[in-house]
Amino acid sequence: MNRAKLRFLNTASSIMVALIIPLMAFGQESGPVLVRSDMTDWSQWRGPRRDGISHETGLLPSWSESGPKRLWTASEIGRGYSSPIVADETIYITGDRANDLIISAFSLDGKLRWKTENGAAWKRSYPGTRSSCTYDHGKLYHMNAHGRLACLDAKIGSEVWAVNVLERFEGKNITWGISESLLIHGDLVFATPCGAKGLVVALNKHTGDTVWATPALDGERPSYASPILINVAGRTLLINSATKNAFAVDAKTGELCWQVPQEDPKNTVTTIPVLAKNELVLTNASRGFGAIFGVRLDGLRGEKTWIKELTISHGSTVCIDGQVYGASGRGVARGWVAADAKTGSIRTESEMDVGSLIYADGRFYCLTQRGMMTLQKLTADGFQTVGSFRIADGKDIWAHPVISNGRLYLRVRETLFCYDIRS
């Protein structure tokens, strides 16, 4: 080999090493990240990453006094508080009718395609459905308020398999019924029965067979929360809350990686965890002692770093630029608030009625529990209302807004509304 060619190869090798080492370091230092569903659209509770954030653009920056154009309504979907999902040009939603839980599938123009049952309706306190469906590769998964987990053919609604996870893993139901919206990753569907035979469990999504079960924690009961997945330190962790602890388990093996006390004496943990860089922010909503707290992630360890008295209930939270937004009914602040994910400092953004929210195209979409739908722009002085309309009267409107392909879907009791929000 001549010297010129040797010098060229040595130089090329040096350049490659110089490029690769920073890239490796970047990958090591990037920290925890949310795991995105490999499905397109809004195929699960709170969206592709379960963070309440839509990445759609080209949406209306403001609304007229009457709100965006209503395209259609679907009535008699059944009683409930669950939100719709949208996948494979189909809308799926649950509702209780008479003695049964009904899952309905609608075309994008609001026409009913099929409906089927998933066990018994919830008739105790606050009757109606709780959890949303999850779509995955032609199958639909749902767990009712009694712990019956079913897999359906998403095209026709026929049942593929079903199991009651409370019965299989010896868990006990809770005051307002099981409310977990199922999470799917790879070939696994996860549930959190908090039973004597499993805190968190993974089932084969094709058969319903048990793949692993995390050993029980003493005295734990299910919460009303749903999990998220994060990638950190080369592993995938499932993060969720039970009544006494927030925790992380390895999604592949079920190993419990860490737990921190929930400090919720009334057992009303209702919101999904949110991730802000190296911080998790979790909330609970006990009357008289609601809390929001931060958990700092260090590899496979989690440590509680701050806690504030705040009561964020059904509406969950959204994290934008290190600030966690949600609606608080009690505590150090009321109304729509922002909490710094790193320090826990709280500020009030708006005093409007509490409710649920998602975020898209630089705007917050806030549905209050008394039926006012508002579009909020974030400014240095807090929320600025750039559109609002009343969708219904009454109270306890707890379903979350959904955005898909330029459309806004809102569920109010037994009716599903569809609006065109394209600019």
So, in nm, how far is label A120 from label R422 when the simple model puts each one 7 Å beyond its Cα toward the Cβ? 4.6
Compute the distance in nm between two label points, each set 7 Å from the Cα along the Cα-to-Cβ direction, one at S158 and one at D209. 2.2
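Can you compute the FRET efficiency between A196 and D298 using 1/(1 + (r/R0)^6), with r the Cβ-Cβ distance and R0 = 22 Å? Round to the nearest 0.05.
On the way: r = 31 Å, r/R0 = 1.43.
Once the sixth-power term is evaluated, E becomes 0.10.
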Plugging the Cβ-Cβ distance of E89 and D381 into 1/(1 + (r/R0)^6) at R0 = 60 Å yields, to the nearest 0.05, a FRET efficiency of 0.90
Provide the FRET efficiency to the nearest 0.05 for the R113-S64 pair, computing r from the beta carbons and using R0 = 22 Å. 0.10
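Per residue and in cubic angstrom, what volume does the convex hull of the Cα atoms of the chain have?
Numbers: hull volume 72.3 nm³, N = 423.
Per-residue hull volume (Cα only) is 171 Å³.
Hey, what did the chain get for relative contact order, percent, Cα under 8 Å, at least 6 apart? Intermediate values should be presented prior to the final figure.
Values: 1160 pairs, mean separation 61.3, N = 423.
It comes to 15 percent, rounded to a whole number.
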If you look at just the Cα atoms of the stretch 57-213, how large are its Rg and its Dmax in Å? 16.8, 54
Hey, got the dipole for the stretch 32-420? About the Cα centre, +1 on K and R Cβ, -1 on D and E Cβ, debye to the nearest 20? 540
Helix 3-29 axis, angle to the chain major axis (alpha carbon atoms, nearest 10°): 30
Any idea how far apart D218 and K172 come out in nm if each label point goes 7 Å out from Cα toward Cβ? 1.6
After finding the eigenvalues of the alpha carbon gyration tensor for the stretch 334-380, what semi-axes result from the square roots of 5 times each, listed largest first in whole Å? 19, 14, 9
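Just so you know, all these numbers are worked out from the coordinates, no wet-lab data involved. Values in this document were obtained by computation on a predicted structure and should not be read as measured data. Cβ sites come from the backbone with ideal geometry, for glycine too, and all protein chains shown count toward neighbours.
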